[in-house]
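Worksheet for the structure shown next.
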Amino acid sequence: MRTSTTGRVGQYVALLAYLVFLAFPFLWLISIAFKSPRELGSLHPTWIPRDPTLDNFRQAFDEQPLLRAAGNSLLAALGAAVIAVLIATPLAYVMARRRTLLARAATGWVVVSQAFPLVLVIIPLFLVLKNLRLINSLFGLVLVYVVWALPFALWMLVGYVRAVPEELEEAAAVDGAGRLRTLVSVTAPLLAPGIVATALFAFITAWNEFFFALVLLKTPEKQTLPVVLTHFIGAEGVADLGPLAAAAFLATLPSLVVFALIQRRITSGMLAGAVKS
Amino acid sequence: MRTKWLIGLVLALLLTGCTGSDSGKNDGSVTLRFQSLAWQEESVAANQQLVKEWNATHPDVKVEYVQGSWDSVHDQLLTSFEGGEAPDIIHDASDDLADFAYGGYLADLTDLLPARLKSDIPQRSWETATFGDGIYGVPFLQEPRVLIANATWLKESGVRIPTPDKPWSWTEFRRITGELGGDGTYGIAWPLKEPVSATLNLSLSAGGQLFHRSADGKVTIRFEKGDEVVPRTVHDQANTDHSASPTTLGSSGSDTLPGFFGGKYAMVPLGFSYRQQIVQQAPKGFDWQVLPAPAGADGLSQGVSPQTLSVAEDSPHKKEAVEFIDYLLQPKNMVRLALGDWMLPTGTQALKAPALHTTENGWATGTALAAHLRSAPAQSVRGYPEWKDKVATPAFQEYYSGAIGLDELRARLEKDGNLVLARYQR
């Protein structure tokens, strides 16, 4: 079927509009981060700062320990991503391949668990972690993030496992490969893009998470980046806009870098999930 | 291979570097955690410097500065109290303390406060942190609502410039805003995104009280003549005289500043501390001044919810915590904190500091208002947050936008409001 020129132009315009819509908040954030306070108070704001300044970045770093907070966030997010994937991958394999009542019940529970609001679980969770002496501990926070990310990670990975044809595993078995060898040499490589996508999901969730980090981490040395960002906001929502934008811009960079580095793998992972055997 | 190495490294880091930090001290020294909500550059610096000075002179009682956030302090404190992990010294606002005080989470400071501090802060300020028979916080910083005006505009218009001694009446204020506006400009821009506390606090000047406590301690809402003055002025400015910008009614104070600097509005009613943003953001040569809010039958009175310092009930070192608060609020230190936050100190000695009486940036006008500040009408009323969110905020917003009249406003505030309060007072 051939698409008319008008139709193709329309598609490109729609795509461009969508990209602008997606990019607007980020580009505006960058614009604010480089503006002076006087420019921020202007009635006629411009995209490109008239008098660009790095003062907001200087002030942000002077006022708050952003690097330390970024390090804490990175540790928590990486830890959550690695542990969630290590736990979710074998579980997802079992849930996808063994269609038992238990596997179906587990899938149902995964869906239901997504419905719990944060405020419902935070106080019991706080008390449990306190008894385990894991308050004010990044390890405790990582455990929370793993538990929080696990249901969705499982859900994602079950889809990826189902996309790997069982016939390939059967063929490997016919060729004499054992169960473990089949999993490691045949299934795992095909599952790799899905695992990367799942790890990325867990990483981003943990990197951006605010509420658990706020209530579980007590000392300034342990606080993560989203918590430190709120220190630029005052009573009644008044914000120190320039330094806040500068710090928020820096906070978005790791996610962008990780996405850029593994974008190809994610794309192929998503496609793998979409193909039927 | 590389992947395995990476996973191993992350796990090792997590297990070795991230475990809990609760390390008890065996040398007899005490460590207090002080959670501060200071957020402006000068304010954070003043707090941290004072903690440093305390630590240098008090080797046995160390204070650890912990940065909190206004945006999330209530939820964060609630979980900390429930989990027994609250900071020893807590910075908050007096209108956030009622639930914590009645819930038994905060220490009653009545018998712990030194006489110097108790007598230095006026009784009307102590009332903001008194719940039942106990005092649950030390009020130390407060800010009146003032009018920030375009000085050039006012001078050219020839209107009488109000002073704390001769303020505008609400009637005069309405007339003058009508004279100032025109041709796409407005005499005033009311930033009323949160209309309830602004309206109630300013209504004290006209004798508005709204909440009436009976002999048995129960509170009922009555919207009387004094309560009508401020809402009716704002409503008529926006809907009858068209001297107030209708678009800023849903805005925050910060949102109105670009329009103010751009010459769209002659005046903006803001909290006193907004002067810091104005100094930072105003275009070069922009001449502005601080005016007192209009006065009514009760003069310049207005309600405030001061910033407070409290001590957690679970803290094992309440005496030391109060000693630190007393140090932090010595008159000269209170002045440093006030200047850092661009607010007024509650202490009578601190209020005498020359730095707070200069005409520069309107300090003198604000300081002259300190004696007129009262406890915000609603802050000790249980159920107020629910009444505010579910009943009063939508009712005031609809009234100010012209969607409902004064009778409907009264009916909703009283009828729906008393139903809400009754649930908290059974």
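Can you pull the three principal axis extents for the Cα set of the protein assembly as shown, in Å, largest first?
Projected onto the principal axes, the Cα atoms of the protein assembly as shown cover 98, 79, 53 Å.
For a bin width of 5 Å, list the pair-distance distribution of the stretch B:300-404 built from all Cα-Cα distances, rounded to whole %.
Values per bin, smallest distances first: 2, 10, 14, 14, 15, 14, 13, 10, 5, 2, 1.
In which sequence would B:ASP416, B:ASP96, A:ASP240 go, from the one with the fewest C-beta neighbours within 10 Å to the one with the most?
Ranked by crowding around the Cβ, least crowded first: B:ASP416, B:ASP96, A:ASP240.
What is the spin-label model distance, in nm, from B:VAL30 to B:THR152 if the labels are put 7 Å beyond Cα along the C-beta direction?
For the pair B:VAL30/B:THR152, the computed spacing is 5.7 nm.
Quick one: which residues, 5+ away or cross-chain, put their amide H under 5 Å from the amide H of B:LEU141? H built at 1.01 Å from N.
Amide H neighbours of B:LEU141: B:GLN307, B:THR346.
State which entries of A:LYS130/B:LYS193; B:LYS52/B:LYS118; A:LYS130/B:LYS52; A:LYS222/B:LYS319 exceed 32 angstrom in Cα-Cα distance in the structure shown.
Beyond 32 Å between Cα atoms: A:LYS130/B:LYS193.
Just to be sure I understand: of the beta bridges DSSP finds with both ends in the protein assembly as shown, what percent are antiparallel, rounded to 5?
Close to 65 percent.
Between B:ARG175 and A:LEU19, with labels modelled 7 Å along Cα→Cβ, what's the label distance in nm to one decimal, could you check?
Simple spin-label model gives 6.2 nm for this pair.
Across the stretch B:340-347, in residue order, what do the Karplus-derived ³J(HN,Hα) couplings come to in whole Hz, using 6.51 cos²θ - 1.76 cosθ + 1.60 with θ = phi - 60° and x for Gly and Pro?
Going residue by residue, I get x, 9, 6, 10, 9, x, 7, x Hz, with x marking Gly and Pro.
For the stretch A:46-119 and the stretch B:247-306, what is the separation of their C-alpha centers, rounded to whole Å?
A separation of 41 Å, based on Cα centres.
Tell me what chain B gives for mean residue ellipticity at 222 nm when only DSSP H runs of n ≥ 4 count, each as -39,500 (n - 2.57), the sum divided by the residue total, rounded to 500 deg cm²/dmol.
Computed ellipticity for chain B at 222 nm equals -11500 deg cm²/dmol.
Under the Kirkwood approximation applied to all pairs of distinct alpha-carbon atoms, what is the hydrodynamic radius of chain A in Å?
Over chain A, the inverse of the mean reciprocal pair distance is 21.9 Å.
Rank-order A:69-77, A:31-39 by packing density, defined as the average count of other C-beta atoms within 10 Å over each peptide's residues, highest first.
A:69-77, A:31-39
Name the residue from B:LEU328, B:GLN280, B:THR256 whose Cα lies farthest towards the positive end of the charge dipole of the stretch B:234-347, charges +1 on Cβ of Lys and Arg and -1 on Cβ of Asp and Glu.
Comparing the listed Cα positions along the dipole, B:GLN280 ranks first.
Over the Cα atoms of the stretch B:240-294, what Rg and Dmax result, in angstrom?
In order Rg, Dmax, the Cα atoms of the stretch B:240-294 give 11.5, 35 Å.
Arranged by the count of other C-beta atoms within 10 angstrom, fewest first, what order do A:TRP28, A:TRP148 take?
Ordered by Cβ neighbours within 10 Å, fewest first: A:TRP28, A:TRP148.
Test of understanding: ordering B:GLU64, A:GLU63 by Cβ neighbours within 10 Å, fewest first, what list do you get?
B:GLU64, A:GLU63
Calculate the mean, over all residues of peptide A:67-75, of how many other protein chain Cβ atoms lie within 10 angstrom of the residue's Cβ.
Mean shielding count: 1.
Using only the alpha-carbon atoms of the stretch A:45-127, report the extent along each of the three principal axes, biggest first, to the nearest angstrom.
That gives 65, 33, 28 Å along the principal axes, largest extent first.
First measure r as the distance between the Cβ atoms of B:THR247 and B:ASP216, then evaluate 1/(1 + (r/R0)^6) with R0 = 56 Å and state the FRET efficiency to the nearest 0.05.
Efficiency, from the Cβ-Cβ distance: 0.80.
Could you calculate the FRET efficiency of A:ILE48 with A:GLN263 from 1/(1 + (r/R0)^6), where r is the beta carbon distance between them and R0 is 25 Å, rounded to 0.05?
Once rounded, the FRET efficiency stands at 0.35.
Within chain A, which DSSP H helices have Cα atoms that stretch 15 Å or more along the helix axis and a mean Kyte-Doolittle hydropathy of at least 1.0?
The qualifying helices are A:5-33, A:66-97, A:101-113, A:118-131, A:138-163, A:188-208, A:241-274.
Can you give the FRET efficiency to the nearest 0.05 for B:GLU386 and B:THR359, using r as the Cβ-Cβ distance and R₀ = 30 Å?
Using R0 = 30 Å, I get an efficiency of 0.10.
Evaluate the stretch A:1-109: find the radius of gyration of its Cα atoms, find its Kirkwood radius, and give the ratio Rg to Rh.
When Rh is taken as the Kirkwood radius, the ratio is 1.23.
Which whole-Hz ³J(HN,Hα) couplings does the stretch B:156-171 yield from phi under the Karplus relation 6.51 cos²θ - 1.76 cosθ + 1.60, θ = phi - 60°, glycine and proline marked x?
5, 6, x, 6, 5, 8, x, 10, x, 6, 10, x, 6, 7, 5, 5
Using a simple spin-label model with points 7 Å from Cα along the Cα→Cβ vector, what separation in nm is obtained for A:LEU120 and B:SER72?
So the two model labels end up 2.1 nm from each other.
With +1 on each Lys and Arg Cβ and -1 on each Asp and Glu Cβ, how big is the dipole of the stretch B:229-340 about its Cα centre, in debye rounded to the nearest 20?
360 debye
Decide, for the stretch B:212-277, between rounded, prolate and oblate: order the square roots of the alpha carbon gyration tensor eigenvalues as a ≥ b ≥ c, take rounded if a/c falls under 1.5, and otherwise choose prolate if a/b is larger than b/c, else oblate.
Taking the square roots of the gyration eigenvalues as a ≥ b ≥ c, the stretch B:212-277 is oblate.
No value in this document is a laboratory result; all are computed from the given coordinates. Just so it is clear, the model here is predicted, and its values are computed rather than measured. Every residue, glycine among them, receives a Cβ derived from its backbone with ideal geometry; neighbour counts consider all protein chains shown.
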